[in-house]
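Read the structure below first, then the notes.
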Amino acid sequence: MWVVAFIVIGAFAAWLARLFMRGSGFGLAGDVIVGVIGALIGAYVFRATGAEIGGGPAGSLIVAFAGAVLLLFVIRLFLGRRSGHRSWS
C-alpha cells in the first residue's frame, strides 16, 4: 500500500513542480517518474543537509516537491524549455 501512496505523492509533487516551474510536463507517466525520482533526490538532499520537515503525507509531499523542482531545473538546464532544444545553442 505504501508504494501506491509513494506514487500518488510523487505524481502530485511533480504536478505542483510543473506548475511552479511553468512547463508543459511530460505526460502522466513522465510526471510520475519525475515525481518519484524527485522524491528520492529530495530525501537525499534533505538528509545530507540535516533538514527535517516532519513525517506523514505533508512532509513527504514537501520533500518530493523540492526534489522534483530540482530535477526539473536540471532537466531544463540540459534540454532547454522545449524538449529537444538546448538552451546554449
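Quick check: pseudo-label points 7 Å beyond the Cα along Cα→Cβ at A5 and L79, how many nm apart are they?
3.0 nm
What residues have an amide H closer than 5 Å to that of F26, excluding those fewer than 5 places away on the same chain, when H is modeled at 1.01 Å from N in the peptide plane?
D31
What do the square roots of 5 times the Cα gyration tensor eigenvalues come to for the chain, in whole Å, largest first, as semi-axes of the equivalent ellipsoid?
For the chain, the ellipsoid semi-axes come out as 24, 15, 9 Å.
Give me the angle, in degrees from 0 to 90, between the Cα long axis of helix 27-49 and the longest principal axis of the Cα atoms of the chain, rounded to the nearest 10.
It is inclined by approximately 60 degrees.
Throughout, read-outs are computed from the coordinates displayed, never taken from laboratory work. No experiment lies behind these values; they were computed from the predicted model shown. Here Cβ is always computed from backbone atoms with ideal geometry, including for glycine, and neighbour counts include all displayed protein chains.
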